[in-house]
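These notes concern the structure reproduced below.
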Amino acid sequence: MRRAAQEATLLITVVVLALVVWFVIADAENREIETRLGFSLQVDVIDLGSNLAVVGDPLPVSVTVVGREEDVESARPEHFKATVSLRNRSAGRHSLPVRVEAAEGDVRVRAVQPETAVVILQETVEREVPVVVETSNPPPLGFRVGASEVLPESAIVSGIATEVEAVDSLVARLDLGGATVSVERSVLLEARTAGGGAVTQVVVNPRFAQVRVPIDQELFRRTASVLPDITGTPAEGYRVSSVRVSPATVDVLVSVDVLDAEVRVLTQPVDITGVEGNVATAVALVFGGGAAPAGDSDTTARVVVVVEPVITSVRLPVDIETFGVREQLELSFAWPLTAQVTLRGPVALISALTGPLEPIQVNLGSYATGRHRIDLSWTPPEGLELVELAPTQVTVTLNAIPQPEPEEPTDPEVDESPDEEQSSAEEDESE
């Protein structure tokens, strides 16, 4: 029994000691301290009338707080809010109590120094001020920034008269960030003086503007050659002699990446399949390779394709024929009987020559007997040129046709003399 009593007494003693230790530790952890915070608080103005503005900012205040040591040591400026109320206050100078509230933590405000803040109120004015766009970080080479678009184009600035009058423009600053496409963004408006200084003691309505900055690929003007696009081939025996295009050059717009490259402009295809003569036509220009027509450049061209026959030469034999020999004359000799002609002309016409050529006609009607050298002449077929005729003369010999010698006349035999004939007749009559 005694041992059990001793053990019970020991247990009670241990429990009591544990409770004492716990209370001591808890008291140390929950011990409150009072101290001045190591930072000041900016005083905000609340309940300001719609037609009033504060001149300057109230002076900051320091705060003494009470709370657990842990909470006090972790206090930050954002954990408190210092305000002065301007409810029912008119224009003028006012000394108003500062109210500080702890927004976070188990900390209580014990004192504020100074306890009041001096606030100067003035009646506000307002005016309309234009919005100006300022850009930074422009796009890279080869791109250009176009005219900015902003909505609204102006905004209302309100505040005390001296501040409002100092505002020259509302600047919408937009960082393009080297963009290569158009940028559109909602941008805060900043009140600026004519010298570019910031004006902070004014109210801007609306506070934001919608800004759009177009960014386009920059184009450069160049002169490009116009190249006719000819398709097909002429008819057999014909060839393209020349091709002319007007205009020969046009002005184009190109981007920076093809600025140093050769730029050519083609025409729409001109088909000359099977043609036997010149082709002249107006066709549209085809701009490619990153080129575009300049605003005042031609977009059509006139193409003239000169098609001419293929010219060749050929040497052929031609018979020599004579005619018109005078009566009583005969041709006893003629040499040569053929000549050689060299013809020049289109392949098609020369290829069409079939059979013997028309002979060379030599008229001997004006020549008498004897040996004669007669110049040859010959007319080639239409469309062909006589380049050479060889030989140029023919030799002929004309002789008289031999006539038979006339027979000498003979006297007829006389059987009876006239007298005898007469006497015989008389005898017959008498009988």
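Quick notes on this structure:
- Summing charges over all other residues whose Cβ lies under 12 Å from the Cβ of residue 361, with Lys and Arg as +1 and Asp and Glu as -1, gives -3.
- Equivalent-ellipsoid semi-axes of the stretch 32-114, from the Cα gyration tensor, Å, largest first: 29, 11, 10
- Near residue 345: Cβ cut-off under 10 Å, other residues only, Lys/Arg at +1 and Asp/Glu at -1. The net charge is -1.
- Only Lys, Arg, Asp and Glu carry charge here, each on its Cβ (+1 for the first two, -1 for the last two); on that basis the chain has a dipole of about 9000 debye about its Cα centre.
- Residues whose amide H comes within less than 5 Å of that of residue 133, counting only those at least five positions distant or on another chain, are 172 (H built at 1.01 Å from N in the peptide plane).
- What the pair-distance distribution of the chain shows, using all Cα-Cα distances binned every 10 Å from zero, is 4, 10, 8, 8, 8, 7, 7, 7, 6, 5, 5, 4, 4, 4, 3, 2, 2, 1, 1, 1, 1, 1, 0, 0, 0, 0 percent.
- Among residues other than residue 396 with Cβ under 10 Å from its Cβ, the summed charge is +2 (Lys and Arg +1, Asp and Glu -1).
- Length released on extending from residue 315 to residue 348, taking residue separation times 0.36 nm less the Cα-Cα span: 10.3 nm
- Relative to the dominant Cα principal axis of the chain, helix 2-29 is inclined by about 60°.
- Global form of the stretch 123-217, assessed from the alpha-carbon gyration tensor, a/c cut-off 1.5: prolate
- The alpha carbons of the stretch 225-284 give a radius of gyration and a Dmax of 14.8, 48 Å, in that order.
- On Cα atoms only, tilt of 418-430 relative to the major axis of the chain in degrees: 70 degrees
- You can think of it this way: the chain between residue 74 and residue 185 has 36.0 nm of extra reach, that is 0.36 nm per residue less the Cα-Cα gap.
- For the stretch 281-326, Kirkwood radius (reciprocal of mean inverse C-alpha pair distance, Å): 17.2 Å
- For the chain, with +1 on Lys and Arg beta carbons and -1 on Asp and Glu, the positive-most of 102, 389, 370 along the dipole: 102
Laboratory data are not the source of any read-out in this text; all were calculated from the coordinates shown. What you see is a predicted model, and the numbers here were worked out from it, not measured in a lab. Please note: Cβ atoms are built from the backbone with ideal geometry, for glycine as well, and neighbour counts cover all protein chains shown.
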